[in-house]
Structures are given as structure tokens and as C-alpha cells.
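Structure first, then comments.
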Amino acid sequence: MAIIGSGPSGFYAAEAVQKKVPGVAIDMFERLHAPYGLVRYGVAPDHEKLKSVTKVFDMVAGKPGLRWFGQVELGRDIQLEDLTRRYHAVVLATGAQASRRLGIPGDDKPGSYNAADFVAWYNGHPDFRHLQFDLSGETAVVVGHGNVALDVARILLKPVDELASTEIASHALEALRNSKVRKVCVVGRRGPAQAKFTNKELAEFEQLAGVTAMVRDDELTFNEASRFELESPAGDEARRNVVLLRKFSDVAADAVSPNERCIEFRFCLAPVRLEGNDEVEALVLERTALTGSAFQQGSRGTGEFFLMPCHAVFASVGYKGVAPANVPFDARAATVRHVNGRIVDESGVQQPGLYCTGWIKRGPSGVIGTNRNDSVETVATLLADLQAGALGEPAAGDDIADLLRDRGVDFLDFQAWSRLDAFEKQTGARSGKAREKLVQRHEVRAALQAVAGSSLTCTT
């Protein structure tokens, strides 16, 4: 079988098949030079423990029968037909590669950014290395009440000396050293009970050195439906968040000195437009009110508007999938059309041998571990089709590796990645970092040449 993508969902799919079908042959294709997807390019660099899951992925990659092809992109180096002719099954695990914008007037002004792009940039994603973020203003606004919003705010405010020992990309570290941002406002359309922060992430702002967390008392109010949410068993995370937010509300705004850094959590505010002549100078917000029943509350505008001066706005309003070539795609949901992981067309007709897993299957939701159950479901569907004789025999008898070589594709295997991994760690250690990420293709080539004749030890 073939798996397109080597992020969490791709590795969990491989793991699930390996457990059920001993000796299975799996070829995994990754368009970048490094595996791990969201773990490498989405998890914040100061959350090192979350990255330890790569040890599980390395064990999966090390089992006999699995081959990893790095720097091979579907639609550029190989086509879907190349795969369906050579494998019994093809599993798409390409994630949600695009980010959603605010979609308000002024959204295209300099100073208006996607939080997801910022995350990829500071994590050293090759596609985002060229981006620049103007951090010369004192106030930044993050729109969104999820963990990505907290990551952006924390990276903007955290002492650079603490980030310097992580695997943050060097270009980002240098930009943050020169940052003038002193205040970050994290705003969202709904109230504290509906915020999607995990308590563990929110609690980090209690201990963040040199940063004061604040909440306004008048925004820590709850309607009847919100109180019901907080009192229900499903409201445990929200209850703990509210306890923390109440602590933050005890801090008066005038208690923060001009040179001190602070974060302010704002609620029931909807972005209306971005103002400024040549760049962002302010965000216009409308106060909202919650409507609807418990756990289904939305927000409506109240007609009360105000201006929030700022020089940078980060939209943290979600990711979305990108349509793979020649695969049925639901543009509205930004996911591949499927039933239990089995790809189908608009009429519900199965596409023989095609499956999907992860964010391209269900949308950007859950944590890294959520992908394991998702991939188990897809693999169960695939194996049921195999048992039923629904998977045809591959028509082509040649090896995909030979095809790639014939096309001049400069692909990497997992041993090459292991050498790059060791190179990154050892290079980073010289400057006290967890690793120094290789970002651009020429850096990767130079690193491979450097280790070709060295005694560098691979640590996987």
C-alpha cells in the first residue's frame, strides 16, 4: 500500500496496518525533506514533550517492509495514476495545508497575518521561510480562542532567552529578538465558557516570566445557557479555564508598567474591519451577544463598535484542506469525500483502492493522538475491502523507486533523514539549542554532503 503524507495520521495508519497484516509492504511519500508533519511544523518549539511522539513514528518507520520517500510530491513528481497502478490501496494523509483568513475589509493590508503561517514560519517550514512579520508595533491582536492562538501569543511574549534553547528556527529567533511587541490581545466572538483553549495551555500564562495575564470583569459574565455548560460534566475543561480567567481578572490594567509585557483575553468581540492607510493601525470590533441553546450557542452583533489600536493582527480561525489532484473533494468542508475513510464521489460511489485519514478526512480537529483512532477506522475499512476482494491487483509491475529515478526525482530515504536529524541536533547543540532545523533545499543538500564522509551518529 501507499500512504501520501508522513505526519501523525500517516504514521498511525502505517502502524495500524502493520499490527493487522504482518509483513505488509508500505511505501510512504512525503513532499518535504523531513517527516512528522504537524509535530515538526505545528507544535510550538517550547512544547518539546509533545514532540516525543516522533519516537513512536521512528519505530513504525524502522519496521521491515516500510519505505519512506522524502521530497516526493503528489501532482508534481508522481501522479495518482502512478500509485493506483502499483499498489492495492492508496491512503491520503495530506493534512490541512491552508489557513483560513478573517474575510473582513482590510484583511489584505500589511500587518494582517494568518496565525497558521506564523506558526509554520517560526517552526522552520520550507514553504513559509520567505515570509516576514512586522513586529515593530507595541500591540498585536490574535483573533481566535484556540490553542494555536495561545501558541502565537506565547511565542510573541515569551523571553527570547527561553526560546533560544528550543528548536525554533533561527530566522524567527532573530526577528523575535528585535520585536517591539509588549501587549497581545486574544479576542473571540463568544464567551469564556465557549473558548477552545485547553487548560494546560492557558495555565502557562500564570508562569510566563515577565508577562502579566489580564481579563476584564465585565467580560466574565455568563448567560443561563453558558452556566448550564459550565455545570455539566462536559464542561470540566471550561470550568477550569474560567477559574484561571477569574485569577487573571484580579489584575488591574493600570498595574502593568509600560515596559512590562502583558496578554489580555477579550470575549464576545467580533472583528469587523482593519483600518489604516498603508498598513494595519487598528482593528474595529463589534461587541456580540450569545444566542442559542447550551453547547450550540452562536454570536450576534449588538451594534456596539469600538477601535482597538494595533500594528499586527493574527487570524487564528482554523486550517483547511487542499484538494488533492483527481480526488473527490468537498470544497465547503475542505475535506476529501469519504465514508468511514473510503473515498467516494459526489454520488457516494466508492473510488476503488482510495482511502483517507487525518485532517484531510475529518477537518482540523482534535489533538495529535486523535489521529490514531481516525487512522484505525480507515485501516479497518481498508482491510474489510481487502477481505471482501474489493481491492484489485496492481497493473504495473515495476518499482516506484525506479520510476522516480527515471524522472530525475531527488528523493530521500529514511536513512538519509536520520542523518539529517542527527546533523540538526548536533548543529543545534553547538549553540545550546535542541536542534538547528534545516529549512531550504540547498541547506539539506549541503548537510547531506557534509555528513557523507563524516562519523556523524544517527539518533532515531
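Number of residues in region 201-241 that are in contact with a strand residue (DSSP E or B) (Cβ under 6 Å, 6 or more places away or on another chain) and under 25 Å from residue 47 (Cβ atoms) equals 7. Filtered by the rule that a residue be of a type outside the set (Lys, Arg), buried (at least 22 other Cβ atoms within 10 Å of the Cβ) and closer than 21 Å to residue 298 by Cα, region 182-200 gives 186, 187, 188, 191, 192, 193, 195, 197.
All conditions in (1) over 30 Å from residue 93 (Cβ atoms); (2) modelled with pLDDT under 95; (3) surrounded by fewer than 18 Cβ atoms within 10 Å (Cβ to Cβ) hold for residue 289, with the sole exception of (2). The set of residues in region 48-90 that are touching a residue at least 40 places away in the same chain (Cβ under 8 Å) and among the β-branched types (Val, Ile, Thr) comprises 53, 56, 60, 72, 78, 84, 90.
Within region 206-227, does at least one residue satisfy the condition of being touching a Pro at 6+ places or on another chain (Cβ under 7 Å), closer than 23 Å to residue 367 by Cα and assigned by TED's automatic domain parsing to the domain that holds residue 132? Checked against the condition, which is being touching a Pro at 6+ places or on another chain (Cβ under 7 Å), closer than 23 Å to residue 367 by Cα and assigned by TED's automatic domain parsing to the domain that holds residue 132, region 206-227 yields no hits at all. The criterion of at least 2 residues that are over 25 Å from the mean Cα position of the chain (by Cα) is met, among strands (runs of 3 or more DSSP E) falling completely within region 306-398, by 350-356. For region 352-375, the set of residues classified as in contact (Cβ under 8 Å) with a residue 12 or more places away in the chain, touching a helix residue (DSSP H, G or I) at 6+ places or on another chain (Cβ under 9 Å) and farther than 14 Å from residue 37 by Cα consists of 352, 353, 354, 355, 356, 361, 362, 372, 374, 375, listed by residue number.
Taken across region 178-188, residues that are closer than 22 Å to residue 110 by Cα, among the aliphatic types (A, V, I, L, M) and in a helix (DSSP H, G or I) do not occur at all.
Residue 132 falls short on exactly one of the conditions (1) buried (at least 19 other Cβ atoms within 10 Å of the Cβ); (2) not assigned by TED's automatic domain parsing to the domain that holds residue 394, and that condition is (1). Being of a type in the set (A, V, I, L, M), surrounded by 20 or more Cβ atoms within 10 Å (Cβ to Cβ) and within 30 Å of residue 185 (Cα to Cα) holds for only one residue in 327, 251, 284, 280, and it is 280.
Taking the conditions exactly as written (within 17 Å of residue 67 (Cβ to Cβ) and out of contact with any helix residue (DSSP H, G or I) (no Cβ under 6 Å at 6 or more places or on another chain)), does residue 445 satisfy them or not? So residue 445 fails the test.
The values are calculated or read from the model by the stated rules, or taken from the named source; none is laboratory data. Everything quoted here is computed from the prediction, not taken from an experiment. A quick note on method: Cβ atoms are made from the backbone with ideal geometry, for glycine too, and the neighbour counts reach across all protein chains shown.
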